[in-house]
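Novice: Once you've had a glance at the structure underneath, I'll fire off some questions.
Bear in mind that the values in this text are calculations on the coordinates, not laboratory data. These numbers come from a predicted model, not from an experiment. Glycine gets a Cβ as well: all are built from the backbone with ideal geometry, and neighbour counts include every protein chain shown.
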């Protein structure tokens, strides 16, 4: 850990305004990409019918997003360190916008290419976004900033699950709906131009430290990242493997398992995101005030286990486990992401976020495919739900290991 990696930003009111405006701009751009990422799930049954796809093929639109990211997101982190957040943010928003339009306009093979390009741009942008928040908030309310960021980002996901089924009914065309999603991502490019102006002026007026000049990157630097960082990255892999692949299949799961229509299934899936939107910022505030990051990750991972098990094996009203899952989805991210800048030297922060994103996307590649294959072979989603439960168990184990391994900041 190196808490002296950045100078403490000044706390004058104008500096605070610049910080939160920067937070809003990068978060709004990320929210646009979240909306486009989740456009596939509410349309899954329509895509299966209109394009004659299997569940595995629909889920491939999620998995292919992560294939290049597994190999390139570390490079994106290094590039963010070398280019700086302003130029890198423009590059990566432009890239994921191109990918979104290719997905909307093409046949199934072209949709796969579009999702691949979209994944490279979006995941590399998230690395830049995390660097922006660490730059402006590292010495003031960092966990709260991450919580507010997640609130805004997940608004994009919530709008996808809540609004897209109605949009399909109104437009009577899934392709037109995808074009709308692509158009929303295009707004992120001018937002990042505006952010570049804000960031440059903020630096000039001394509201934040200048970005550190990165050392010459060596892959051996990755191996020297602390043990606690690697545990967090593994926890990120297994935890998100039980969340995002689940939301990818959830509307179809609720339609099959509980006989819901498309709108009800989409709204119930969106409830998970709505709860996390409304509570992640609060848990971030608690982290800033009291610490206890590892304990929050333990509790959040524990909450997830009965959620997937109950929906797989019992006839419980799914509203109850979805509320619990939403609380879990608030606790773990609120503690996980702001912990990374506390463990990693500032000049390697972009690389560290890139490594964590790479680990996360290993799970986001493998588990949608596994869930689709289990559905196609078994005729239901029971096996997939049990698989998600096993990931939650691993999350508990890793969170306990993190608590024992943490020797850095107090109350970690």
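Novice: Evaluate the distance, in nm, between pseudo-label points positioned 7 Å from the Cα of residue 278 and of residue 171 along their respective Cα→Cβ axes.
Specialist: Label-label distance for residue 278 and residue 171, simple model: 2.8 nm.
Novice: So if we plug the beta-carbon distance of residue 316 and residue 263 into 1/(1 + (r/R0)^6) with R0 = 22 Å, what FRET efficiency do we get, rounded to 0.05?
Specialist: Details: r = 22 Å, r/R0 = 0.99.
Here the calculated transfer efficiency is 0.50.
Novice: Between 0 and 90 degrees, rounded to the nearest ten: what's the tilt of helix 108-137 against the longest Cα principal axis of the chain?
Specialist: Roughly 30 degrees, rounded to the nearest 10.
Novice: When the helices in the chain are scored as -39500 (n - 2.57) per DSSP H run of 4 or longer and the sum is shared across all residues, what 222 nm value do you end up with, to the nearest 500 deg cm²/dmol? The partial results should precede the final answer.
Specialist: Values: 17 runs with 333 residues, N = 412.
Counting only the DSSP helices, I get -27500 deg cm²/dmol.
Novice: When 20, 290 are ordered from fewest to most other Cβ atoms inside 10 Å of their Cβ, what list results?
Specialist: 290, 20
Novice: Output the 0 to 90 degree angle, nearest 10, between the alpha-carbon long axis of helix 188-204 and the longest principal axis computed from the alpha carbons of the chain.
Specialist: Between helix and principal axis, roughly 20 degrees.
Novice: For the range 298-353, what is the per residue volume of the convex hull drawn over the alpha-carbon atoms, in cubic angstrom?
Specialist: 77 Å³
Novice: When the expected Rg is taken as 2.2 N^0.38 Å, what fraction or multiple of it is the alpha-carbon Rg of the range 152-193? List each step's numbers first, then the result.
Specialist: Numbers: Rg = 11.6 Å, N = 42, 2.2 N^0.38 = 9.1 Å.
Ratio of Rg to 2.2 N^0.38 Å for the range 152-193: 1.27.
Novice: While we're here: Could you work out how far apart the two model spin labels at residue 373 and residue 203 are, taking each label as a point 7 Å from the Cα in the direction of the beta carbon, and quote it in nm?
Specialist: Simple spin-label model gives 4.6 nm for this pair.
Novice: List 332, 362 from most exposed to least, where exposure is judged by having the fewest other Cβ atoms within 10 Å.
Specialist: By the 10 Å Cβ count, ascending: 362, 332.
Novice: Which translational diffusion coefficient, to the nearest whole µm²/s, is obtained for the range 94-159 from the Stokes-Einstein equation, given a Kirkwood hydrodynamic radius over C-alpha pairs, 4 °C and 1.567 mPa s?
Specialist: 97 µm²/s
Novice: If R₀ is 22 angstrom, what is the calculated FRET efficiency for the pair residue 224 and residue 397, using the beta carbon separation as r and rounding to 0.05?
Specialist: For residue 224 and residue 397, the calculated efficiency is 0.35.
Novice: Related question: State the extension gain, in nm to one decimal, for the chain segment bounded by residue 82 and residue 180, taking 0.36 nm per residue of separation less the distance between their alpha-carbons.
Specialist: Working: separation 98, 0.36 × 98 = 35.28 nm, distance 3.37 nm.
Length difference between fully extended and current span is 31.9 nm.
Novice: Now, a different point. Quick one: if you stick a label point 7 Å off each Cα along the C-beta vector at residue 107 and residue 302, how many nm between them?
Specialist: Modelled inter-label distance: 5.4 nm.
Novice: I've got another one for you. Once you have all Cα-Cα distances for the range 228-370, histogram them in 10 Å bins from zero and send the whole-percent values.
Specialist: Per 10 Å bin, starting at zero, the Cα-Cα P(r) for the range 228-370 comes out as 12, 38, 35, 13, 3, 0 percent.
Novice: What per residue convex hull volume, in Å³, comes out for the chain when only alpha-carbon positions are used? Don't skip to the answer; put the middle values down first.
Specialist: On the way: hull volume 49.2 nm³, N = 412.
Cα convex hull per residue, to the nearest whole number: 119 Å³.
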